[in-house]
Amino acid sequence: MLIIICMIHANGISQRGIYIGDQNTGRPYTTLKTERIDGSPYLFNEWKAGRVKLKNGLKYDSLQLKFDAFLNKVFYNHNDSLYEFLHEVAEFDIYPNINAQPYTFYQLRAEKSFKPGTFVQVLARGKITVIKYYLKEVDERKEYGSPIVLKEYRDRSSSFILANGEVYPAKYSAKLLDEIITDKSREINLFINNKDLNLKKEAGFLAAVQYYNSL
C-alpha cells in the first residue's frame, strides 16, 4: 500500500483539552491515499474520550482520541481535525463509552515478538502481564475475471502474556496458568475454587492473574 504523508506544523491543545496556541504540542496529520482501502484502521471509528501522558512528562486530560491499529499510533481531535503529538506518547487511556472503564495502552520496550515502542492494551500488569495487541492489516483480493485489486482492513488483534521473560499466546486455560505461575500455587488454587473461576474465559483468567500479582 502506497501512502503519501504530508505533515504541517500548527498549534496544539492545552493540558485540559482546550486550545492554547502551543506550537510544540501537536500538528495536523494528513494522509493522501492513492488508492481505496475499505474498512477502517481505527480501534473505534468515532472520537472517544481519553487522556495522554507524553514521554516528556506532560499529561493531557479531556481529549478526544482515536487509535490507529494499522499505524499503531494515537491521534487527538482539534477543531474536528486529526492531529498527532510532536512528542512521543508514553501511554494513554481511551474510553469506549461514557460509563465504561478505560482501555489503558502503554508502549512496550524490548519484548520478544514485538517492535520496541509498540502500543498494547494492558489487561493485567505485574509479575504476570497480560496485553492485547490491536493490529489491523490490509488484505488484497481480486474478484473473478476482474483486474482490479480490492483492498480491505482486517482485524488481526490477539492477546499475549508476558511472564518469566517469555511471551506466551493467551490461550486461556488452567494448564497455561500452571505454566506461568512458579510460586504461590496453593493460594491461587484456593482463590480459583472459592471464586469458581473459569480459566478458559478471559475474565476468569485475568481475575486469577490479578490476584497472583497482588500477593
Test: residue in region 108-131 that is of a type in the set (Ser, Thr, Tyr), within 28 Å of Ala208 (Cβ to Cβ) and free of Cβ contacts under 8 Å to residues at least 40 places away in the same chain: yes
Does Glu152 count as free of Cβ contacts under 8 Å to residues at least 40 places away in the same chain, of a type in the set (D, E, K, R) and closer than 22 Å to Leu43 by Cα? no
Give me the pairs, please: first residue somewhere in region 172-200 and closer than 17 Å to Val130 by Cα and open to solvent by less than 60 Å² (accessible area, probe 1.4 Å), second residue anywhere and among the charged types (D, E, K, R) and assigned to a loop (DSSP other than H, G, I, E, B), beta-carbon distance under 6 Å, and either six or more positions apart or on two chains. Tyr172/Lys200; Ser173/Lys200
Give the residues of region 75-91 that are part of a strand (DSSP E or B) and farther than 12 Å from Gly26 by Cα, sorted by residue number. Ala90, Glu91
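The values are calculated or read from the model by the stated rules, or taken from the named source; none is laboratory data. The model shown is predicted, which means the values in this text are computed figures rather than measured ones. When we count neighbours, we look across all protein chains shown, and the Cβ atoms used for this are built from the backbone with ideal geometry, even at glycine. The area values use the complete protein model at the heavy-atom level, side chains included, leaving out ligands, DNA and RNA. Shrake-Rupley method; radii C 1.70, N 1.55, O 1.52, S 1.80 Å.
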